[in-house]
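Below is one structure, written out as structure tokens; comments come after it.
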Amino acid sequence: MARLTATERHAVRFRLNGYPAEGHAEPRMQLTDFLRHELGATGTHVGCEHGICGACTVSVDGMLTRACLTLAVQVDGCDVRTVEGLAPEQGRLSILQAAFRRHHGLQCGFCTPGILMSLDRYLRTDSNPTEGQLRELLSGHLCRCTGYTPIIRAAMEAAALIASSLQKEDHAHV
Ligand code: FES
Ligand code: FES
């Protein structure tokens, strides 16, 4: 790997929500700033900028990651997923996003991108979570508006809908 100098901007290339993305970053540039200012992908929010609030949560090579604690140059060559990639197609919400809308799982929406990323990832591996497990997951995210209860309701409903759609797929293969 080429030696990085502190002030020089370096090319960073990766896949963003399945599409090639490219820009330039100084070695100290955070992934949040790169996504928002260099690529214009403003769905990822920036709150505390030191790993506490969870608003900046994205997925890097399948691992949930605080983008405010990640340097842009670190994701060169990686597969990065952000909240913009959750909807299955333009104009259609994912099951989880639709449940958030039904249950008013957001007010100002500042925390929402990070929470959606964490819940989406969790529900892909366990579509039968307990409320306690969801609350533990949400302990990594700060929401100042909702009191978390509507978020839990939305996540529980989304989990049930995902479980039932998986069952239908199973039966379709029997
Ligand atoms: S902005 Fe990254 S955790 Fe708060
Ligand atoms: S909806 Fe406002 S911080 Fe969560």
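The values are calculated or read from the model by the stated rules, or taken from the named source; none is laboratory data. Predicted model, so just to flag it, every value in this text is computed and none were measured. We place every Cβ from the backbone using ideal geometry, glycine too, and count neighbours over all the protein chains shown.
Key figures
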read-out	value
Residue 152, sole failed condition from (1) within 21 Å of residue 62 (Cβ to Cβ); (2) assigned to a helix (DSSP H, G or I)	(1)
Yes/no for residue 144 being within 16 Å of ligand 1 (Cβ to nearest atom), touching a residue at least 12 places away in the same chain (Cβ under 8 Å), charged (D, E, K, R) and crowded, with 16+ Cβ neighbours inside 10 Å	no
Test: residue in the stretch 119-129 that is surrounded by fewer than 22 Cβ atoms within 10 Å (Cβ to Cβ) and in contact with a strand residue (DSSP E or B) (Cβ under 8 Å, 6 or more places away or on another chain)	yes
Selection from the stretch 145-174 of residues that are acidic (Asp, Glu) and modelled with pLDDT under 95	169, 170
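A quick yes/no check of all residues on (1) under 27 Å from residue 138 (Cα atoms); (2) in a loop (DSSP other than H, G, I, E, B); (3) in contact with a helix residue (DSSP H, G or I) (Cβ under 6 Å, 6 or more places away or on another chain):
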| position | (1), (2), (3) |
| --- | --- |
| 6 | no, yes, no |
| 11 | no, no, no |
| 23 | no, no, yes |
| 32 | yes, no, yes |
| 36 | yes, no, no |
| 46 | yes, yes, yes |
| 53 | yes, yes, no |
| 73 | no, no, no |
| 104 | yes, yes, yes |
